[in-house]
Amino acid sequence: MKYDTSNNLREFVGKYMMDEEKEIVDLACKLINAKTENLPGNEILAARIVADFFQSLWIPYELFEKTKDRTNIVGYIGDRGKQTSAPALLVACHLDVVPAGDDWKRNPFEAWIEDGRIYGRGSSDNKGQMASMMAVARFLKEHESQLKGQFILAGVADEERGSALGLEYLLNECGIKADYAIIPDVAHNMKLIDVTEKGALFLEITSHGKQAHGSRPEMGINAIGNMLPLLERIKRLKFQKTGHPLHTPPTVNLGSIHGGTAPNIVPALCKIQLDIRYLPDDSSDNIINDLNNIIKEVESQFSAKFDLRVISNQLPTAVPINNPLVELISKHTEDILGIRPAPKGMSGATVTKQLIQKGITAVGFGPGDESEAHATNESISIKELVNFAQIMALICLDMLS
């Protein structure tokens, strides 16, 4: 049989995934119960659950670790073989989670069900999505003979702290390749397709002063005091690019400030860290040059001394909004949910950045409420996870058969 996108096929996939609801919930709960807070990570605990699932279905898979127990697992369904025109589609969900934090009404690493939702750390970011994609993997394995392309499902490590041990490692050192990728890590209840992301520039600025007794401040140079006028000037930083059709304006966030040791000591050091999100048409060099000019002005005016250090710089990325993934996601989401998700720009960063930089057409799309990720009592709708599995199964069939 040749797959098509008829109503019969949609009904078939829909019934299949509704029958898979219990398995999706069970898998999500098992993954949540695997405590993979980053740091330290220990993604091996979740990777073992995925490995057992792959083994039960005879899905070939590989394990990759750059650091012990920071495990990535990659499963393969279908084989491109000699058909070089047949695409490979990668879906990557991350197995690590942020620390649980405080004020949970139950143990965040013992998943619970309440009012049609799964609760627990990682339920929305990103283990519920992984459970949905495991159900999709089961479906595709059962119909593997119909696939001409290849489906690749990856459970990756270290996404919450930059992906150096996760997707970056897989792409740069492990030979993982694909033509297209969907990253289910943007929430927005499947109403948004992430096609472009701002750059994320993290900076540290150090103010150097001179320590002295607090009773004789004129004998010292107050590093905190000199930082204050610099912060006032940074608040008025003017970006060269301030508008974009898919993005909100650029932003500067003062994320941390540290200085001083006691009230009776003039502080000799003060450090701040900034998170700057800039638009795809702008350049981090422009921003750093403008900040250096501001620093020089403040140094001259207040006899101050500052150092600026780049902590990290994730470049802005974008893919064309008329690419095949956007078309397929829009079509099948409308079929299942009756809504057509809109291509949008994201202020946050996902691993689509690393994929796009490798020449892979990658977009973000997935279930979940925007407010749930990293929140206390994090949760996700079970119905959304089932709907997501239906949509993704149809996308895979459309693209790979």
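The values are calculated or read from the model by the stated rules, or taken from the named source; none is laboratory data. Bear in mind that the values here come from a model prediction, so they are computed numbers and not experimental data. Glycine gets a Cβ as well: all are built from the backbone with ideal geometry, and neighbour counts include every protein chain shown. Calculation scope for accessible area: heavy atoms of the full protein, side chains included, ligands and nucleic acids excluded. Shrake-Rupley method; radii C 1.70, N 1.55, O 1.52, S 1.80 Å.
A few points about this structure:
- Condition check for GLU160: part of a helix (DSSP H, G or I), of a type outside the set (A, V, I, L, M), closer than 29 Å to GLN354 by Cβ and open to solvent by 30 Å² or more (accessible area, probe 1.4 Å): yes
- When PRO99 is tested against (1) assigned to a loop (DSSP other than H, G, I, E, B); (2) buried (at least 23 other Cβ atoms within 10 Å of the Cβ), just one condition goes unmet, and that condition is (2).
- Pairs, first within 19 Å of ASN293 (Cα to Cα) in region 237-251, second open to solvent by 70 Å² or more (accessible area, probe 1.4 Å) and part of a loop (DSSP other than H, G, I, E, B), C-beta under 6 Å, six or more apart: LYS241/ASP281
- ASN126 vs. criteria touching a strand residue (DSSP E or B) at 6+ places or on another chain (Cβ under 9 Å) and among the polar types (S, T, N, Q): yes
- Of the numbered criteria (1) open to solvent by 50 Å² or more (accessible area, probe 1.4 Å); (2) in contact with a strand residue (DSSP E or B) (Cβ under 8 Å, 6 or more places away or on another chain), the one ALA200 fails is (1).
Let's see how each residue does on (1) under 24 Å from ILE391 (Cα atoms); (2) modelled with pLDDT of 95 or more:
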position: VAL266; (1), (2): no, yes
position: ASP275; (1), (2): no, yes
position: GLU297; (1), (2): no, yes
position: GLU334; (1), (2): yes, yes
position: PRO341; (1), (2): yes, yes
position: VAL351; (1), (2): yes, no
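- Filtered residues of region 213-261 (kept if in a loop (DSSP other than H, G, I, E, B) and either among the hydrophobic types (A, V, I, L, M, F, W, C) or under 19 Å from GLY199 (Cα atoms) (or both)): LEU237, LYS238, PHE239, GLN240, LYS241, THR242, GLY243, PRO245, LEU246, THR248, PRO249, PRO250
- Sub-7 Å Cβ pairs linking a first residue in region 181-200 that is on the phi < 0 side of the Ramachandran plot and part of a loop (DSSP other than H, G, I, E, B) to a second residue that is open to solvent by less than 20 Å² (accessible area, probe 1.4 Å) and of a type in the set (Ser, Thr, Tyr), at least 6 apart or interchain, are ASP185/THR350; VAL186/THR350; LYS198/TYR278, ordered by first then second residue.
- When region 129-154 is limited to residues that are part of a loop (DSSP other than H, G, I, E, B) and touching a strand residue (DSSP E or B) at 6+ places or on another chain (Cβ under 9 Å), the one that is surrounded by the most Cβ atoms within 10 Å (Cβ to Cβ) turns out to be GLY149.
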